[in-house]
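Participant: The structure follows.
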Amino acid sequence: MKIEKSEFGRLPDGRAVPRYTFTTDSGMTAHTIDFGAILVSLSVPDRDGRFRDVVLGYDSLKRYRKDGHCFGATVGRFANRIAGARFTLDGIEYRLPAVKGGYALHGGKKAFHKVLWKGEPFQNRTGIGVKFTYLSKDMEDGYPGNLHAEVTYTFTDDFCFMIDYRAVSDTRTHVNLTHHSYFNLNGMERDVLGHHIRINAREITETGKFGIPTGALRSVSGTPFDLTSPTVVGDVVSQAGKKGFDVNYVLDKDPSSLVLAADAFDPASGITLETRTTEPGLQFYTGNYLKRVKGKRKVRYHRHWGLCLEPQHFPNSPNHPEFPSTILDPGMTFVSETVYRFGVKK
């Protein structure tokens, strides 16, 4: 196994942004950067032994700084949407930065995907990787508490990309972290409409305007959202919404247990992807708003050029006490685990 460190670029204030290159003994390679704790690339073998980069991204720091799609990033303090860009906790109303439509999205203006984390590469019995740490100060983007966040990426010889999250706060607050890679199992040669997807969920969170949950749960039975058996994305994407899928699935699982949430397969490359998580929900998004995005190696990303499989707590949880709680109390530790496992189907 091998770890290399180089400079990916510099921020306007002159701070250098390190890039870490990881190569496992099995040949899997990955690139990460401290900015946004971003996974820049991840290469795994197809059925012919050809290694393909299976995540969308950019070649330069400048592009990531301007990115509005959260390519490969760690998202927080609160992933996904919060209605009205506000919540009330212990009788105090907290106001958050709002996007067009008046709701909060993916943490705010600063947010975890737009800050410089501190990375520490490592090698252990499990594999090689990097531990990112960041201090989100009290009232950053409107959230209470000094939050010490830690995200660890581990890459293994059996083609696993493992993510471990931990966070502690000195004040009662809300926390909801996720990973936002856009996966394309054909290596960006075409869109993902030919991918097969299965999600281990019989319900979704019902949504209203702007995709914000109403608080009700809705059965997927008899709807285009029923992905309980392998389904070709292109067969149902036009029925799932105006542009495609962007919905939170309520996973069939016990609390805190690491279980299979979803699996995907590209018949063209033979590459498979299993997603396991301890989280109660999985946001499934089909890159609905990609439009001629200039990505790595000058490839243009268009609509449905990637799949996001984002394990997380339910969107708008701070305003729905009936949802699994996202409250983090002082003295407690937020803990979450996600495993993306790649394979090949002959």
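The values are calculated or read from the model by the stated rules, or taken from the named source; none is laboratory data. If you're wondering where the values come from, they're calculated on a predicted model, not measured in any experiment. Reconstructed Cβ throughout: ideal geometry from the backbone, glycine too, with neighbour counts over all protein chains shown. Calculation scope for accessible area: heavy atoms of the full protein, side chains included, ligands and nucleic acids excluded. Shrake-Rupley method; radii C 1.70, N 1.55, O 1.52, S 1.80 Å.
Participant: To the nearest µm²/s, what D does Stokes-Einstein give for region 236-346 at 20 °C and 1.002 mPa s, using the Kirkwood radius over alpha carbon pairs as Rh?
Facilitator: Diffusion coefficient, whole number: 133 µm²/s.
Participant: Among the aspartates and glutamates, which have Cα under 13 Å from the Cα of LYS137 when same-chain residues fewer than 8 positions away are ignored?
Facilitator: Excluding near neighbours in sequence, the set is ASP170.
Participant: Per-residue ellipticity at 222 nm for the chain, helices alone: DSSP H runs ≥ 4 residues times -39500 (n - 2.57), over residue total, nearest 500 deg cm²/dmol?
Facilitator: About -500 deg cm²/dmol.
Participant: While we're looking at this one, here's another question. Where the centre of each part is set by its Cα atoms, how far does region 116-189 sit from region 1-66, in angstrom?
Facilitator: Measuring centre to centre over Cα atoms gives 15 Å.
Participant: Okay, next question. How large is the accessible surface per residue of the chain, computed with a 1.4 Å probe and reported in Å² as a whole number?
Facilitator: On a per-residue basis, the chain sits at 41 Å².
Participant: Now for a different question. Build a GNM of the chain with springs between Cα atoms under 10 Å: which of PHE245, PHE22, PHE122 gets the top mean-square fluctuation?
Facilitator: The residue with the greatest mean-square fluctuation here is PHE122.
Participant: What's the Kirkwood radius of region 2-70 in Å, using all Cα pairs?
Facilitator: Taking the inverse mean of 1/r over all distinct Cα pairs, region 2-70 comes out at 13.0 Å.
Participant: Mind scanning LYS66/LYS110; LYS110/LYS242; LYS66/LYS296; LYS5/LYS131 and naming the pairs with a C-alpha gap bigger than 20 Å?
Facilitator: Violating the 20 Å limit, Cα to Cα: LYS110/LYS242.
Participant: Name the chymotrypsin sites (Phe, Trp or Tyr not before Pro) in region 276-346 that are in a loop by DSSP and that have at most 16 other C-beta atoms within 10 Å, would you?
Facilitator: Counting only loop positions with at most 16 other Cβ atoms within 10 Å, the chymotrypsin sites (Phe, Trp or Tyr not before Pro) in region 276-346 are TYR289.
Participant: Out of ARG218, ARG50, ARG95, any idea which swings most in a Gaussian network model of the chain, alpha carbons joined below 10 Å?
Facilitator: Comparing ARG218, ARG50, ARG95 in a Gaussian network model of the chain, the most mobile one is ARG50.
Participant: Follow-up. What residue among ALA216, ALA98, ALA73 shows peak mean-square fluctuation when the chain is described by a Gaussian network model with Cα springs under 10 Å?
Facilitator: ALA216
Participant: How large is the Rg to Rh ratio of region 307-346 when both quantities use alpha carbon positions and Rh follows Kirkwood?
Facilitator: Ratio of gyration radius to Kirkwood radius: 1.14.
Participant: Any chance you could list P(r) for region 3-153, counting all Cα-Cα pairs in 5 angstrom bins from zero, rounded to whole %?
Facilitator: In whole percents, the pair-distance histogram is 2, 9, 17, 18, 18, 14, 10, 6, 4, 2, 0, 0.
Participant: Can I ask one more? What is the percent carbon and sulfur in the accessible area of the chain, measuring with a 1.4 Å probe over the protein chains and ignoring ligands?
Facilitator: Of the solvent-accessible surface of the chain, carbon and sulfur hold 48 percent.
Participant: For LEU96, LEU135, write out the residues from largest to smallest accessible area, computed with a 1.4 angstrom probe and no ligands counted.
Facilitator: The ordering from most to least exposed comes out as LEU135, LEU96.
Participant: Go through TYR64, VAL335, ILE33 and say which Cα lies farthest out towards the positive end of the charge dipole of the chain; charges sit on Cβ, +1 for Lys and Arg, -1 for Asp and Glu.
Facilitator: TYR64
Participant: Next question. First select every other residue whose beta carbon is under 14 angstrom from the beta carbon of ARG65; then total the charges, Lys and Arg +1, Asp and Glu -1.
Facilitator: +4
Participant: Compute the distance from the alpha-carbon center of region 212-289 to that of region 299-346, in whole Å.
Facilitator: So the separation of the two Cα centres works out to 12 Å.
Participant: Right, something else. Tally Lys/Arg at +1 and Asp/Glu at -1 over every other residue whose Cβ is under 11 Å from the Cβ of ASN146; what's the total?
Facilitator: Value of the local net charge: -2.
Participant: As an exercise, find the ratio Rg/Rh for region 195-295 from alpha-carbon atoms, using the Kirkwood inverse-distance average for Rh.
Facilitator: Rg/Rh for region 195-295 comes to 0.97.
Participant: For the chain, treating each Cα as an identical point scatterer without solvent, what Debye log10 I(q)/I(0) comes out at q = 0.07, 0.09, 0.14 1/Å?
Facilitator: The calculated log intensity ratios at q = 0.07, 0.09, 0.14 Å⁻¹ are -0.26, -0.44, -1.17.
Participant: Taking every alpha carbon pair in region 53-119, what does the distance histogram look like in 5 angstrom bins from 0, in percent?
Facilitator: 4, 15, 23, 21, 16, 10, 6, 3, 1, 0
Participant: Rg and Dmax of region 130-273 over Cα atoms: what are they, in angstrom?
Facilitator: Just the Cα atoms of region 130-273 yield Rg and Dmax of 18.0, 50 Å.
Participant: Remind me, what semi-axes does region 285-326 give for its equivalent ellipsoid, largest first in whole Å, using sqrt of 5 times each Cα gyration tensor eigenvalue?
Facilitator: Semi-axis lengths for region 285-326 are 33, 9, 8 Å.
Participant: If you wrap a convex hull around the C-alpha atoms of region 152-216 and split its volume per residue, what is the figure in Å³?
Facilitator: So the per-residue hull volume is 193 Å³.
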